[in-house]
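Computed from the coordinates by the stated procedures, all read-outs in this text should not be read as laboratory data. This structure is a prediction, so every number in the text was calculated from the model and none was measured. Every residue, glycine as well, gets a Cβ built from its backbone with ideal geometry; the counts of neighbours run over all protein chains shown.
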There are 2 protein chains.
Amino acid sequence: MKTISENRCFGGVQGVYSHDSSACGCDMTFGLFLPEEAETGPVPVIWYLSGLTCTHENAMVKAGAQKWAAEQGVALVFPDTSPRGEGIANDEAYDLGQGAGFYVNATQSPWAPHFRMWDYITDELPRVLFNGFEVDEDRQAITGHSMGGHGALTIAMSFPGRFRSVSAFAPIAHPTASEWGRKQFTAYLGADESKWAAHDSTLLMRTRGFDGPVLVDQGAKDQFLHLLMPEALAEAMAARRQNGTFRMNKGYDHSYFFVSTFMEDHIGFHAEALYG
Amino acid sequence: MKTISENRCFGGVQGVYSHDSSACGCDMTFGLFLPEEAETGPVPVIWYLSGLTCTHENAMVKAGAQKWAAEQGVALVFPDTSPRGEGIANDEAYDLGQGAGFYVNATQSPWAPHFRMWDYITDELPRVLFNGFEVDEDRQAITGHSMGGHGALTIAMSFPGRFRSVSAFAPIAHPTASEWGRKQFTAYLGADESKWAAHDSTLLMRTRGFDGPVLVDQGAKDQFLHLLMPEALAEAMAARRQNGTFRMNKGYDHSYFFVSTFMEDHIGFHAEALYG
């Protein structure tokens, strides 16, 4: 593992690290904020999964999360959204290929060799994190924005017991019914739609739910509402009697201005579960 | 109007009054909490509509609302849920007739002469209130529990501009599709279902929505979930992009123990709109 940068931040350290990823077959970079408390022992951690076009860096510099994480004494990990580099498949569209891994293991050509973000986020990066830093594996929570909200919700529901709480900002909530989903699942997973269901938050909420609290925030002026389909998830959460809150916030769009506005609530929500 | 009782309460006065109602053709009783601030001028008001079997008294003594209303300087009005008395139609069932007005104007025999709770709540009682007490007609909010949550939501959406905010505790959310609704609407309004749509929160949310913030709390262990149908309302709120929050609260049932737990949040929510 290579340290790319470490900066003092709200009494803790904002680091950026890279490592050779066997899941993705390339170097992968991630951000990690450790609060001051990590100097004396393991701290709880919140995973933040980013959206389309993002690297590890966008949320790290724009979401304003470190202040609240420092107050709560929790770490934040900011993974990249796909494999990257020369020799790795890509597409001209912003929503396929590099920057658009969709948190799945691709099975189709040309994506299968490197696009294994599911394994990277759920298996490889956790080992890197828990072996290399003062982060407590028994106290994890997960959140994300847009494609990352999709990742957070699907991963949380797929690993019962691993995460104490899950939240999402404007998640891609029903990708098997949306062009943000159908296009990518066809490319990465193939045309057999039965393979897609494990990667749709609304379908997972209907069949499994989450054994802990859920918080979803959505902007009512989000320019991508027709692609996100929040109403499907809201209905599924209520129908399942899922312990959780779904908020539709007047006037907010899809940007980091929206994310940063509600970040304090989300970090506080997770801290309550992590310290409960 | 007759004063039945007045008690000092959190620095203000909890009163109970009765008056001759022309809408209902009988004496009607209501509770009114006025905070200390009402001694010097008009204060904002939150309407609290009660559920099946309740009178004006249940929420007044069991919901624990006065403490928070006193802190915020807002009045609370607690109407009865139906006409009452000898010579007024009734039914042996707890969910039809006296104590079960459903906030509609009945058009069918034997209910039509007295069961006019829509007019009573939206027209007659407001005049009594604003003429007789230091309550500010320009700053109104409305909430309710169960059948009263149904009343609060349907009335708020039917009088745009009257209420700055609306909330509900475990509302009967989709009565045209539930046996808490179909039975009563058939009795009060007749078999023509087109007459029912104006009294269904989910249908009104789909067609109109509410021009202000909405807060709905529901208990996940509510014994009446199958009759309340909160998932229909949650879906309609999200699909409309309604400014609002829908919370499913783990472990809570349908009782006043649930209502009182979340009362502080609801009074605070309304106060923000009333003073905004």
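Annotations
- Whether the stretch B:145-243 is rounded, prolate or oblate, judged on the alpha carbon gyration tensor where a/c under 1.5 counts as rounded: oblate
- Cα shape, the stretch A:187-276, gyration tensor, a/c 1.5 rule: oblate
- Residue (of A:F133, A:A69, A:A220) at the positive-pole extreme of chain A, dipole from beta-carbon charges: A:A220
- Seen from B:T154, the other residues with C-beta closer than 11 Å to its C-beta sum to a net charge of 0, counting Lys and Arg as +1 and Asp and Glu as -1.
- Rounded to the nearest 20 debye, dipole of the stretch B:16-165 from Cβ charges on Lys, Arg, Asp, Glu: 380
- Charge dipole (chain B, unit charges on Cβ, about Cα centre) - positive-most of B:G41, B:A187, B:M237: B:M237
- Mean-square fluctuations from a GNM of chain B, with a 10 angstrom spring cutoff on Cα atoms, peak among B:S109, B:S21, B:S201 at B:S109.
- Shortest-first nm distances, B:G64 label point to equivalent points in other copies (7 Å, Cα→Cβ): 3.3
- The Cβ shell under 11 Å around A:G99 holds other residues with a net charge of -2, Lys and Arg each +1, Asp and Glu each -1.
- Extreme residue, positive dipole direction of the stretch B:2-275, given options B:S21, B:Y252, B:I142 (C-beta unit charges): B:Y252
- Residue-averaged beta-carbon neighbours from other chains (10 angstrom radius) around A:226-239: 5
- Within-13-Å neighbourhood charge of A:A63 [Cβ basis; K, R +1; D, E -1]: -2
- Using only side-chain charges placed at the Cβ, +1 for Lys and Arg and -1 for Asp and Glu, the dipole size of chain A relative to its Cα centre rounds to 580 debye.
- Size of charge dipole - the protein assembly as shown - debye, nearest 20, with Cβ of Lys, Arg +1 and Asp, Glu -1, no other charges: 640
- Averaged over residues, the count of other Cβ atoms within 10 Å places the peptides B:215-221, B:39-45 in the sequence B:215-221, B:39-45, highest first.
- Nearest-0.05 FRET efficiency for B:Y94 and B:S5, computed from C-beta distance (R0 25 Å): 0.40
- Take the Cβ atoms of A:D192 and A:K62, set R0 to 25 Å, and the FRET efficiency comes out at 0.10.
- With θ taken as phi - 60° and the Karplus curve 6.51 cos²θ - 1.76 cosθ + 1.60 applied, the whole-hertz 3J(HN,Hα) list for the stretch A:167-177 is 9, 8, 9, 6, x, 6, 8, 8, x, 5, 10 Hz, x standing for glycine and proline.
- Tensor-based shape of the stretch A:75-213 (alpha-carbon gyration tensor, a/c under 1.5 rounded, otherwise prolate or oblate): oblate
- Distances between placed amide hydrogens fall under 5 Å for A:V43 paired with A:V135, A:D136, all partners being 5 or more residues away or on another chain.
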